[in-house]
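Report on one structure; see the data block that follows.
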Amino acid sequence: MRELLFDCDEPQAETWSDALLDAGALAVTVNDANDGTAAEQPLYGEPGMEPAAHAWSRNRLMVILPEGADAKALLQQAAQAVGLPVPEWQERELPDADWVRLTQAQFEPIPIGERVLIVPSWHEVPSVPASTVIIRLDPGLAFGTGSHPTTHLCLEWLSEQLPEGAQVLDYGCGSGILAIAAVRLGAAQVVGVDIDEQAVETTLYNARNNGVELDAMLPDALPEGKFQVVVANILSNPLKVLAPMLCGRVAPGGKLALSGVLARQAEEVAAAYQPWLELSVWQEREGWVCLHGRMPT
């Protein structure tokens, strides 16, 4: 396998990347061209928000080429597409490696509190107490694996707060991880809802792989009814818009847990739910919070 390398300025990095992929590159990685030097530049944004810049002032593009591809021709095609001259470039061989195995090695089982353990499907289940809830789920989107702080918070909340035999609604089910955990933690009935049809299919697929039974559907298919527990791990703006609907789904005396909320947004989100119930911060993790409350009887 071969790799093409060249440098470009920040405004051009994304344009070059798209053009190279369109020209047939297998992958494009953008790194700080000054990485490892005194001129190295940090690049980050606030959790849950887009960074001010998507690349460094000077960038090194590393382009993985298809087998047998002409590096010069591919670069010329991309340059023509972006309307820029062909930059100075170099080509090098990449050492053979088992990329699948190397990628998998990055993902270890994720313990959630004292009761739940998320285990990638290829990983052996470690020695744990028989009471531990094991959930098999492959890494994909961070929000769906337990590695993201908001998912971790919701899982930990369920493991501590879920009443035995409860009816649970997971609104914004995504990969289905919260819905699956709720079943494994003793819920009698679990329903997952998502606006994305693919997410609904993924939830059902992951439920089957974990040997649990639950329902998953689009919002319009959700029948009338209330739940003893409603959990929603979305983001603050949708949560505020959904406040009347979500509160309308919580049974009297039932519990509501929300995440996808930054700590600085907690008061604003809680205020949106104030007409129906009192929300407070249950826990905070890495700048994110889980809000919870109980519906008055």
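A compact table of results
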{"item": "Hull volume in cubic angstrom per residue (convex hull over the Cα atoms of the chain)", "result": "173 Å³"}
{"item": "Under 5 Å, built H, 5+ apart or other chain: amide partners of residue 192", "result": "170, 215, 216, 217"}
{"item": "For residue 116, distant residues with modelled amide H under 5 Å away", "result": "133"}
{"item": "Estimated vicinal HN-Hα couplings, Hz - the range 230-236 in sequence order (Karplus 6.51, -1.76, 1.60; Gly, Pro = x)", "result": "10, 10, 9, 10, 10, 9, 4"}
{"item": "Residue 271 paired with residue 240, simple spin-label distance in nm, labels 7 Å along Cα-to-beta-carbon", "result": "0.8 nm"}
{"item": "Dipole in debye (nearest 20) - the range 202-264, about Cα centre, beta carbon charges: Lys, Arg +1; Asp, Glu -1", "result": "320 debye"}
{"item": "Separation in nanometres of the label points that stand 7 Å from Cα toward Cβ, at residue 297 and residue 29", "result": "5.9 nm"}
{"item": "Cα centroid of the range 240-265 to Cα centroid of the range 59-73, whole Å", "result": "49 Å"}
{"item": "Value of relative contact order over the chain, rounded to a whole percent, pairs C-alpha under 8 Å and six or more apart", "result": "12 percent"}
{"item": "Among 175-187, 121-133, 199-211, 215-227, the order from most to least packed when residues are scored by Cβ within 10 Å on average", "result": "175-187, 199-211, 215-227, 121-133"}
{"item": "Segments 167-173, 240-246 sorted - mean Cβ within 10 Å per residue, highest first", "result": "167-173, 240-246"}
{"item": "Residue-span extension gain [residue 21 to residue 2] - 0.36 nm each, minus C-alpha spacing", "result": "5.3 nm"}
{"item": "Tensor-based shape of the range 140-253 (alpha-carbon gyration tensor, a/c under 1.5 rounded, otherwise prolate or oblate)", "result": "rounded"}
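Any read-out appearing in this document is the output of simple, stated calculations on the displayed coordinates, not a laboratory observation. All values derive from a computational prediction rather than experimental measurement. Neighbour counts are summed over all protein chains in view; Cβ atoms, including those assigned to glycine, are modelled from backbone coordinates with ideal geometry.
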